[in-house]
Amino acid sequence: MTAEFRVRQALAADAPVLARLRWAFKQEDHAGDPVTPARSVKQAEQWIRERLDSGRWLAWVVESSGEIYGHVFLHLIERVPEPFEDNIPTGYVTNFYVAPYQRNRGFGAALLKALKLHAQQRGMDTLIVWPSERSVPLYQRAGFQPSAELLENTMD
């Protein structure tokens, strides 16, 4: 029997947990590499708190039994106003993570569903993501597809 879980929009007060999960996410991403963080978890916590307070960054968390086990962030990228369309932002999806021991329980799908519902309710027509190779299937199940419209210029 699996425990119930819920997804909710993150609050600035969640910043300490979100920062710790961010560090776990990046350490998992760089498994085997020695970790000498350039920033402390406290600095990440402050950054997250400030961004969530600003309203230009949003996040959703998944929790079960009062504990947060995953998150996904949405950065609202403003567009330059134009006379023919509403100035609805594009959404940049990032920092999507579920603790390894809580995966395969529907947490990730539920997080993306909540984020997409929010975007639809705001009238957003585009969400973009730079997925890891491992996360591509999950994003595709959530409706994300490769784009023929996006160009990238990586700076050396």
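The values are calculated or read from the model by the stated rules, or taken from the named source; none is laboratory data. Just so we're clear, the structure is a prediction, and the values are computed from it rather than from any experiment. FYI the Cβ positions are ideal-geometry reconstructions off the backbone, even for glycines, and counts take in every protein chain you see.
Considering the conditions (1) touching a strand residue (DSSP E or B) at 6+ places or on another chain (Cβ under 9 Å); (2) surrounded by 11 or more Cβ atoms within 10 Å (Cβ to Cβ); (3) within 25 Å of residue 5 (Cα to Cα); (4) without any contact (Cβ under 8 Å) to a residue 40 or more places away in the chain, residue 101 is excluded by exactly one of them, (2).
Among the residues of the range 59-68, those identified as farther than 17 Å from residue 45 by Cβ, in contact with a helix residue (DSSP H, G or I) (Cβ under 9 Å, 6 or more places away or on another chain) and in contact (Cβ under 8 Å) with a residue 40 or more places away in the chain are 60, 62, 64.
Looking only at the range 79-91, decide whether some residue is out of contact with any strand residue (DSSP E or B) (no Cβ under 6 Å at 6 or more places or on another chain) and of a type in the set (Ser, Thr, Tyr). For the range 79-91, residues out of contact with any strand residue (DSSP E or B) (no Cβ under 6 Å at 6 or more places or on another chain) and of a type in the set (Ser, Thr, Tyr): absent. Within the range 65-92, the set of residues being modelled with pLDDT of 95 or more, out of contact with any His (no Cβ under 8 Å at 6 or more places or on another chain) and either of a type in the set (Gly, Ala, Ser) or under 15 Å from residue 21 (Cβ atoms) (or both) comprises 67, 68, 69, 70, 71, 72, 73. Answer with yes or no whether residue 56 is over 15 Å from the mean Cα position of the chain (by Cα), at pLDDT below 95 and either exposed (fewer than 15 other Cβ atoms within 10 Å of the Cβ) or hydroxyl-bearing (Ser, Thr, Tyr) (or both). No.
Take the residues in the range 33-53 that are crowded, with 18+ Cβ neighbours inside 10 Å and not charged (D, E, K, R), then tell me which one is modelled with the lowest pLDDT. Step by step, filter the range 33-53, then rank; the result is 44.
Among residues of the range 2-21 being under 14 Å from residue 65 (Cα atoms) and not in a strand (DSSP E or B), the one that is modelled with the lowest pLDDT is 2.
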